[in-house]
1. Taking K and R as +1 and D and E as -1, what net charge do the other residues with C-beta under 11 Å from the C-beta of Cys136 add up to?
2. For every helix of n ≥ 4 consecutive DSSP H residues, a contribution of -39,500 (n - 2.57) applies; sum these over the chain, divide by its total residues, and give [θ] at 222 nm rounded to the nearest 500 deg cm²/dmol.
3. Could you state the angle between the C-alpha long axis of helix 286-302 and the longest principal axis of the C-alpha atoms of the chain, as a value from 0 to 90 degrees rounded to the nearest 10?
4. Shape of the range 166-259 from its Cα gyration tensor (a ≥ b ≥ c, root eigenvalues): rounded if a/c is under 1.5, otherwise prolate when a/b > b/c, or oblate?
5. Kindly write out, for the range 187-195 in residue order, the coupling ³J(HN,Hα) from the Karplus curve 6.51 cos²θ - 1.76 cosθ + 1.60 (θ = phi - 60°), rounded to whole Hz, with x marking Gly and Pro.
6. In debye, nearest 20: dipole of the chain around its Cα centre with unit charges on the Cβ of K, R (+) and D, E (-)?
7. What does the charge dipole of the range 2-179 about its Cα centre add up to, to the nearest 20 debye, if the Cβ of each Lys and Arg holds +1 and the Cβ of each Asp and Glu holds -1?
8. Toward the positive end of the charge dipole of the range 2-179, about the Cα centre and with charges on Cβ (Lys, Arg +1; Asp, Glu -1), which of Ile92, Gly47, Ile61 goes farthest?
Amino acid sequence: MLIAHPRPDGDAIGSTLALRLALMRLGKYPKAACVHPIPDNLAYLPGADSFIQAVPEDPDIDLVVAIDMSDLERTGGIYRDDWRQNYPLLVIDHHETNEAFGDVNLIAPGAAATALPMINVIEALGVAVQEDIATCLLVGLLTDTRGLRTETTTASVLRTVGELIEAGGDYQTVMQRTLDSVPYQQMRGWGIALNRLQLKDAIAWTTVQVSEKEALDIEDHYDLDLGNLLSRVAEAKVIAAFTEMRDGSVKVSMRARPGYNVASIAYELGGGGHKQAAGCTLSGPLHTSVTRVLAMLQNAVAGKQQVHSEEAVAVSEFKNQA
Ligand SMILES: [Mn+2]
């Protein structure tokens, strides 16, 4: 049983499907599960249609693998408590905040994507990392590095991308169908969000209301990816996108330029993530959440030095949500 986290991203889906394909080459019958549907821009991947959203009562499994998540809650309810006694739990991940919650933990803290430790796993299984498997791993690397532009994009990452392409990974398709593929409704959602964009004291932010999501048929579990969009505002050191949910809560996505840290803010608000990309969910209402978070972001920008010194302590405590 291979589990990808809720609101799945390219790394969770790509790494899960790569392992699924490798296990199938070994004559196994892996199941892949995720509580939310696979986003359209990942639906073309081999095996994307095999994901189940709920697990049957007697799942007929002998090993559980949690992929691209730093704690058990991030299975989104797929994992059941009684599995603990019956099946070993393997964790494959790259978050610095991983709680090592498995019986065996293969964690590459700070690596660009879970796809990187996953390459080692697949090679250790004796399966060649090529063709379909290479394409799935490329998806993980290219999405988690936002098209090879994050701080985690090292020379070694670029070499690995080159090797995956040489091994038959379909770079062009991944770029066209995943990274350069925004559903029309999502882009219209961006239009609403960008129309309301504000900038003050090197902080850029915007909001999206439930009524606006309803008009565009955008479900709550569907991530508009506003954090990554706003992170490109040149004048901003930090950004925040506030998305109202149908239960009245507010999902907050934050991004920071190198040298700034939004993870500590997310953590303080019950969420977590990485220094440059973090998030949390607040109880709402929208305007209260905005006021509260903006005050914290102002402090983070003004007290950059102070944030730095506290970072080492705080990082060990973060829970991942990014
Ligand atoms: Mn990841």
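The values are calculated or read from the model by the stated rules, or taken from the named source; none is laboratory data. This one's a predicted model, so the numbers in the text were calculated from it and none came from an experiment. Here the Cβ positions follow ideal geometry from the backbone for every residue, glycine too, while neighbour counts run over all protein chains shown. Just the protein is used for accessible areas: all its heavy atoms, side chains included, with ligands, DNA and RNA removed. Shrake-Rupley method; radii C 1.70, N 1.55, O 1.52, S 1.80 Å.
1. Values: positive: Arg20; negative: Asp11, Glu131, Asp132, Asp170.
Spelling it out: positives minus negatives among the neighbours equals -3.
2. That comes out to -10500 deg cm²/dmol.
3. Helix 286-302 and the main axis of the chain meet at about 90 degrees.
4. Values: a/c = 2.19, a/b = 1.24, b/c = 1.77.
Verdict is oblate for the range 166-259.
5. Result, ordered by residue: 5, 5, x, 4, x, 5, 5, 6, 5 Hz.
6. Numbers: 26 positive and 41 negative charges, 206 e Å.
I would put it at about 1000 debye.
7. Details: 12 positive and 25 negative charges, 70 e Å.
Roughly 340 debye, rounded to the nearest 20.
8. The listed residue farthest towards the positive side: Gly47.
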